[in-house]
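The values are calculated or read from the model by the stated rules, or taken from the named source; none is laboratory data. Given the structure is predicted, the values throughout are model-derived calculations rather than measurements. FYI the Cβ positions are ideal-geometry reconstructions off the backbone, even for glycines, and counts take in every protein chain you see. Each accessible area value is taken on the protein alone, full model and side chains, heavy atoms only, with ligands, DNA and RNA left out. Shrake-Rupley method; radii C 1.70, N 1.55, O 1.52, S 1.80 Å.
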Amino acid sequence: MATSLHDSVQIELLKHVKTVYQSTQTLPEDLLSALHFVYKAPLLQALDLVDNKSVTRITCPAGRIAFQVQGSSGIPYTCLPSSNFCTCQYYSFTVLKRKDVNLCKHVLAVMLSCAMGACLEQEVTNDLLAKILTPECTEVEKRP
């Protein structure tokens with residue numbers, strides 16, 4: 001039940017971000033405080049990614065949607081916010097393995113960019129989006 005409540009709080013908070021940002025083009029301090037309370041550590045880095053226009057919404061003719069976030073290191077990370085998924089190492093280790101937080105700065109940047117209408121838009125072919133969504137296997141896990 002706590003997860004459901006947390007999800008509801010996130011949804012309502014992002015709706016409020018959208019409403020406030022559309023009318024004022026800024027996020028007031030009380031809203032930033034609420035965002036920090038809910039999202040904690042990744043918030044400032046996510047806002048920096050939003051400010052730097054690092055989030056691109058990628059669509060294809062088949063109607064599929066993915067997001068790419070140009071990370072602070074210059075590496076593009078693919079995000080699927082519907083599942084809070086990201087291809088970054090922080091997501092793999094801190095979100096999935098350690099379960100310290102439930103999302104990384106890239107997924108949060110996508111959520112905030114969408115709420116603020118700040119995503120860049122790019123349409124690609126179905127094949128290219130499929131390639132973007134297919135993880136590259138760069139290392140084979142060795143098993144004893």
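Residues being under 13 Å from the mean Cα position of the chain (by Cα) and either surrounded by fewer than 20 Cβ atoms within 10 Å (Cβ to Cβ) or within 21 Å of residue 8 (Cα to Cα) (or both) are entirely absent from the range 133-143.
Return yes or no: is residue 12 over 18 Å from the mean Cα position of the chain (by Cα), farther than 30 Å from residue 131 by Cα and either of a type outside the set (Lys, Arg) or surrounded by fewer than 18 Cβ atoms within 10 Å (Cβ to Cβ) (or both)? Spelling it out, it is not the case that residue 12 is over 18 Å from the mean Cα position of the chain (by Cα), farther than 30 Å from residue 131 by Cα and either of a type outside the set (Lys, Arg) or surrounded by fewer than 18 Cβ atoms within 10 Å (Cβ to Cβ) (or both). On inspection, residue 100 fails the criterion of being open to solvent by 60 Å² or more (accessible area, probe 1.4 Å), over 23 Å from residue 126 (Cα atoms) and at pLDDT 95 or above. None of 68, 89, 22 is surrounded by fewer than 17 Cβ atoms within 10 Å (Cβ to Cβ) and within 21 Å of residue 133 (Cα to Cα) except 89. The requirement of being outside any loop (DSSP other than H, G, I, E, B) and free of Cβ contacts under 8 Å to residues at least 12 places away in the same chain is satisfied by residue 82. Every condition in (1) closer than 16 Å to residue 10 by Cβ; (2) exposed (fewer than 13 other Cβ atoms within 10 Å of the Cβ); (3) without any contact (Cβ under 8 Å) to a residue 12 or more places away in the chain is met by residue 40 except one, and the failing one is (3).
Quick check: is even one residue across the range 23-39 within 16 Å of the chain's Cα centre (by Cα), assigned to a helix (DSSP H, G or I) and polar (S, T, N, Q)? No - not one qualifying residue is present in the range 23-39. Output the number of residues of the range 103-128 satisfying the condition of being of a type in the set (Gly, Ala, Ser), within 16 Å of residue 59 (Cβ to Cβ) and open to solvent by less than 10 Å² (accessible area, probe 1.4 Å). The qualifying residues number 1.
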